């Protein structure tokens, strides 16, 4: 990796240098691959019309064009020795994920285009995870889960995390919950691979050093039948985060800081690569939080290079062999941001945009009506441990309804202490006990919940125009249900602190 | 490889009589596409008033296909879809660059996210089911805050919109990847979005589905200067958005890499055309 200069301006936590790639990343090219590939299965061959003279096959030695992690992953997946940002390539997909909201539509297109009797390209590579509208009496929502079940039975899909008994999620041993966390926990995220999902937060998996991004039903229907996708190679923005993580900051603060810096379209069509000593010190769950919100900056995918932390997390979760890749030392990045994490403070995103950044301490006069802790962004085990830490430090009770929605069954079990997890410094108490003592609502069944509103009877849905501090990922108008609702996005620390005061609060009031 | 694809004349501009043998007559009418818009002649500014009068009251549900002779040759199908099997690449005659979209415009601002285009509570509707597809159209843009957008895109109770062209600002379609977003707009009758810029997934979904033609403005300003209800023409040939009501014109950017996919008729058609997947048997 390129050496990191210590030249950040002393007064600013943020330093921004443009390093324009020698090859302009915005070249317009025809959809083409500049080298033919072996035919596969008899009906697949490369697209013709090379944009330039084809590369000689012998050019696979040590003298290769330096590439970023994302470029390398896409090169390998499209069987290219190298490629450049702006090129459109057909890649082999390692995992395709879909859920109850987009799955039925994807299946419809798959059958429409490939035939009623068509089979998915690989029944072990399609992972189907109902998670969005599960615990509801909405008939169409329930029907959509049935559609998934019928398809999985017909196709003999290996990984279908089914739920039938909606009254008790624990009666469903296969059910997991929020798709992005389930993918990670069940070992479907592996370094160097290509993961596509019918959900914008699929970028969450970039935490594993893989290429992961969201696609729509039509693209997914195509992948389902072919195992391939046409992708445009994105240039990479590199974020170098250094410095010791202050005890009152979490990865959510880091990504909100970044989105506030570059705006909701600052990374459109680009990859966001997170490196530096701070990133290396983050756990897998924190890395997921970082990559999860890449989409909120318009990013195509996020990447954290795989390391010992990654490999340790994956131990026992997957038996599929994987091979990580890393950005070359001379790889070209479209921009470089250097961040001194030790200078950052807790932040929120004010209504109604994830880039509407403000310091938490500057919003202390904002009275709130509720707090929501959940979702793929902020409903993981460590997110609940973080919230519990604040409640424990305070010893007080919440002043507003505080909703807790664990992302998956595993997280729920962790919160309930059934896996032996206790809150550090509490003398052996479980998260649940701490939450009960603080007066939070009982943790709900794991699912996406009210992060995106959903059917009217969704638990914790914002049905009135209220003010909510939330550990979720979006605060556009109407996001959690009511068009006039006001959502402040925050870390679990900040959310818990806000619950205790009844106003947007800075967690340093309790933690330091 | 299967036998060479049979050109299907203007898939989206078919009358029942013209339907080819692979297209069952009883199936739901195809979603309108590029071609239906070409039936509206490209007007000079002096005809604007006539058009305004003609377009507004007679704006029937967009599924009604015009019987008028198209001014331009049948253009490429922008939609590859809904309950009808795609049989072949639809290209025949002129490329989409000869086409135009015409009608009243609906203007929105920057960063219109997909929750505002189609709120999550409506995502139980499955776009590949024709009746639910239509229902999605009735909810298009229902998430827009009423204070900022007092004029609804779709009149409550109706299934389609009077507005053929959507004019947007920066980062149109940001947020969730829900394909229901371009689908809802297309189902409601919008033919094109003309915006300063797009979020990636929305743009990609628009191209893959062919539901709305996503065009990019060369400069900012249109979303602030145009008003909902203005009569506009999007002329792909000249790459320009003409606002007949205000008299102003706005340059458009060329479609770029998405062009070949749109011209083929969507990602499946493109893949078949380029040999990535086998031709579909009827």
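The values are calculated or read from the model by the stated rules, or taken from the named source; none is laboratory data. Bear in mind the structure is a predicted one, so any value in this text is a computation, not a measurement. Positions of Cβ are backbone-derived with ideal geometry, glycine not excepted, and every protein chain shown enters the neighbour counts.
Brief remarks on what is shown
- Identity of the residue in the range B:183-202, in a helix (DSSP H, G or I) and at the interface with another protein chain (Cβ under 9 Å from one of its Cβ atoms), that ends up surrounded by the fewest Cβ atoms within 10 Å (Cβ to Cβ): B:200
- Residues of the range B:267-279 that are facing chain A (nearest Cβ under 7 Å) and either under 29 Å from residue B:222 (Cα atoms) or part of a loop (DSSP other than H, G, I, E, B) (or both): B:274, B:275, B:276, B:277, B:278.
- Filter result for residue A:117 (assigned to a loop (DSSP other than H, G, I, E, B), more than 14 Å from chain B (Cβ to nearest Cβ) and either touching a helix residue (DSSP H, G or I) at 6+ places or on another chain (Cβ under 9 Å) or touching a residue at least 12 places away in the same chain (Cβ under 8 Å) (or both)): no
- With a requirement of 3 or more residues that are touching a strand residue (DSSP E or B) at 6+ places or on another chain (Cβ under 7 Å) and more than 9 Å from chain B (Cβ to nearest Cβ), the strands (runs of 3 or more DSSP E) lying completely within the range A:210-257 that satisfy it span A:236-242.
- Counting the residues of the range B:241-266 that are assigned to a loop (DSSP other than H, G, I, E, B) and either within 14 Å of chain A (Cβ to nearest Cβ) or under 18 Å from residue B:212 (Cβ atoms) (or both) gives 5.
- Across the range A:297-352, the number of residues qualifying as farther than 22 Å from residue A:268 by Cβ and assigned to a helix (DSSP H, G or I) comes to 10.
- Candidates A:85, A:104, filtered to the one that is modelled with pLDDT of 95 or more, more than 21 Å from residue B:209 (Cβ to Cβ), within 14 Å of chain B (Cβ to nearest Cβ) and out of contact with any strand residue (DSSP E or B) (no Cβ under 7 Å at 6 or more places or on another chain): A:85
- Filter pass, residue A:264 being in contact (Cβ under 8 Å) with a residue 60 or more places away in the chain, within 20 Å of residue A:357 (Cα to Cα), assigned to a loop (DSSP other than H, G, I, E, B) and in contact with a strand residue (DSSP E or B) (Cβ under 9 Å, 6 or more places away or on another chain): yes
- Residue B:123 being within 14 Å of another protein chain (Cβ to nearest Cβ), closer than 27 Å to residue B:225 by Cα and out of contact with any strand residue (DSSP E or B) (no Cβ under 6 Å at 6 or more places or on another chain): no
- If the condition is being within 14 Å of chain B (Cβ to nearest Cβ) and over 12 Å from the mean Cα position of the chain (by Cα), then the range A:197-209 contributes only A:198.
- For the range A:146-193, filtering for residues that are within 14 Å of chain B (Cβ to nearest Cβ) and touching a residue at least 40 places away in the same chain (Cβ under 8 Å) leaves 5.
- Only one of the numbered conditions (1) modelled with pLDDT under 95; (2) under 16 Å from the mean Cα position of the chain (by Cα) is not met by residue B:271, and that is (2).
- Checking each residue in the range B:203-221 for being touching a strand residue (DSSP E or B) at 6+ places or on another chain (Cβ under 7 Å), buried (at least 24 other Cβ atoms within 10 Å of the Cβ) and without any contact (Cβ under 8 Å) to a residue 40 or more places away in the chain picks out only B:206.
- Any hit, the range A:90-98, residues being touching a residue at least 40 places away in the same chain (Cβ under 8 Å), touching a strand residue (DSSP E or B) at 6+ places or on another chain (Cβ under 9 Å), over 29 Å from residue A:452 (Cβ atoms) and surrounded by 21 or more Cβ atoms within 10 Å (Cβ to Cβ): yes
- Scanning the range B:124-140 for residues being in a loop (DSSP other than H, G, I, E, B) and touching a helix residue (DSSP H, G or I) at 6+ places or on another chain (Cβ under 6 Å) gives a total of 7.
- Restricting attention to the range A:383-400, the residues being crowded, with 21+ Cβ neighbours inside 10 Å and either outside any loop (DSSP other than H, G, I, E, B) or at positive phi (or both) number 9.
- Hey, residue A:271 within 12 Å of chain B (Cβ to nearest Cβ) and on the phi > 0 side of the Ramachandran plot or not: no
- Some residue of the range A:194-201 being within 27 Å of residue A:352 (Cβ to Cβ), touching a residue at least 40 places away in the same chain (Cβ under 8 Å) and part of a helix (DSSP H, G or I): yes
- Hey, residue B:157 in contact with a strand residue (DSSP E or B) (Cβ under 9 Å, 6 or more places away or on another chain) and more than 15 Å from residue B:211 (Cα to Cα) or not: no
- Scanning the range A:486-506 for residues that are buried (at least 24 other Cβ atoms within 10 Å of the Cβ) and in a loop (DSSP other than H, G, I, E, B) gives A:490, A:491, A:504, A:505, A:506.
- Within the range B:243-268, no residue satisfies the criterion of being over 30 Å from residue A:121 (Cα atoms), free of Cβ contacts under 8 Å to residues at least 12 places away in the same chain and under 17 Å from the mean Cα position of the chain (by Cα).
- Any chance residue B:237 is in contact with a helix residue (DSSP H, G or I) (Cβ under 7 Å, 6 or more places away or on another chain), surrounded by fewer than 24 Cβ atoms within 10 Å (Cβ to Cβ), at negative phi and more than 13 Å from chain A (Cβ to nearest Cβ): yes
- Residue within the range B:165-173 that is surrounded by fewer than 24 Cβ atoms within 10 Å (Cβ to Cβ), within 15 Å of residue B:106 (Cβ to Cβ) and within 11 Å of chain A (Cβ to nearest Cβ) present: yes
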